[in-house]
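Working notes, beginning with the structure itself.
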Amino acid sequence: MIRAYIFDYGGTLDTGGQHWGKVLWHAYERQQVPVTEAQFREAYVYGERTLGKNPIIQPDFTFRQTLETKLRLQLEYLNLPLVTYHSSLLDDLYARTKAETAHSVEVLQALKKNFPMVLVSNFYGNIAVVLREFGFEGLFQQIIESAVVGVRKPDPQIFTLGVEALGLQPEEVVVVGDSIDKDIIPAKKAGCHTIWFKGEGWTDDPVDESIPHQIITNLTELL
C-alpha cells in the first residue's frame, strides 16, 4: 500500500517530463538561434559540466538567475552574441517553466491532502529558493538535495534518505521521476515503487518500459 510520494524536481515538476536539454533546444528553435542541434548539444554538455565542477550557482540564486547563467555559458561556448539571443531565450524559457510549475503545484496540492511528500533532487544548492519562486513551498515534508547531502543520483542511497525522512518502509513509498537511469532504477534498488513520467528524452534510444512499475505522461494521472 502506497502511503507517501518522493518526487524528482528537474525534468519532472518543471518540464512535464521533458529532458531539460530538449526544453532548451526547442527554445533555440523557436528563437531561431543559428546553430544545429549537434552544436547546441555540445554547448549544453559543456555548460552542465562547467556548473557541476565549479560553484557558479550560488545558494541564493533564483531559477531565473540559474537559467540566465546556463544560457550565458552555452551562448559563449557557441560564440554567439549575448545581446542578440540571451534575453529572448531567457524570457521564452522562464515563461514556459512558470506555466509548467504552476500545473505541478496544483497537482501536488491535491496529493498533499492524502499523502506526505519528499523531494529528492540533484541540484546546485539553491533548490529551496527555486521552490519558493514557483510556489512549491510547504508542499514537501523534507528536501533531499544532492549538493547538500553529498549523495547524487543514481546512487540509491539518496532515495533511502527520502524514505527515512518519511519514516516509512521503502515498499510504502512511490518515487516519481522522468529519468529511468537516475530515478527509476536506483529507486527500485532502494525498494520503492516507481512511476516513470515519460516525456521527450535527451536521446531517441529505446527504453525498457517494463522497468518502472507504472508510466504516466501527465502529472494529473497521479490523481
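The values are calculated or read from the model by the stated rules, or taken from the named source; none is laboratory data. As the structure is a prediction and not an experimental result, all values here were calculated from the model. Methodologically, a virtual Cβ is constructed for each residue, glycine included, from the backbone with ideal geometry; neighbour enumeration extends over all protein chains shown. Ligands, DNA and RNA are stripped out before the accessible areas are found, and what is left, the full protein with its side chains, is counted by its heavy atoms. Shrake-Rupley method; radii C 1.70, N 1.55, O 1.52, S 1.80 Å.
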request  = Would you please name the residue that is most open to solvent (accessible area, probe 1.4 Å), looking only at residues in region 199-223 that are acidic (Asp, Glu) and assigned to a loop (DSSP other than H, G, I, E, B)?
outcome  = 204
task = Confirm whether residue 60 is assigned to a loop (DSSP other than H, G, I, E, B) and either crowded, with 17+ Cβ neighbours inside 10 Å or touching a strand residue (DSSP E or B) at 6+ places or on another chain (Cβ under 7 Å) (or both).
result = no
request  = Determine, yes or no, whether residue 38 is farther than 26 Å from residue 196 by Cα, among the small types (Gly, Ala, Ser) and either out of contact with any strand residue (DSSP E or B) (no Cβ under 7 Å at 6 or more places or on another chain) or surrounded by fewer than 18 Cβ atoms within 10 Å (Cβ to Cβ) (or both).
outcome  = yes
query = Mind checking whether some residue in region 43-53 is open to solvent by less than 10 Å² (accessible area, probe 1.4 Å), acidic (Asp, Glu) and closer than 30 Å to residue 174 by Cα?
reply = no
task = Identify the single condition in (1) open to solvent by 70 Å² or more (accessible area, probe 1.4 Å); (2) in contact (Cβ under 8 Å) with a residue 24 or more places away in the chain that residue 72 does not satisfy, given that it satisfies every other one.
result = (2)
Listing of strands (runs of 3 or more DSSP E) fully contained in region 84-198 that carry 2 or more residues being modelled with pLDDT of 95 or more and open to solvent by 60 Å² or more (accessible area, probe 1.4 Å) = 142-145
task = May I ask you to list pairs of residues, at least six apart or on different chains, whose Cβ atoms are under 7 Å apart, with the first in region 155-175 being without any contact (Cβ under 8 Å) to a residue 60 or more places away in the chain and the second being open to solvent by 30 Å² or more (accessible area, probe 1.4 Å) and part of a loop (DSSP other than H, G, I, E, B)?
result = 158/152; 165/141; 170/191; 171/191
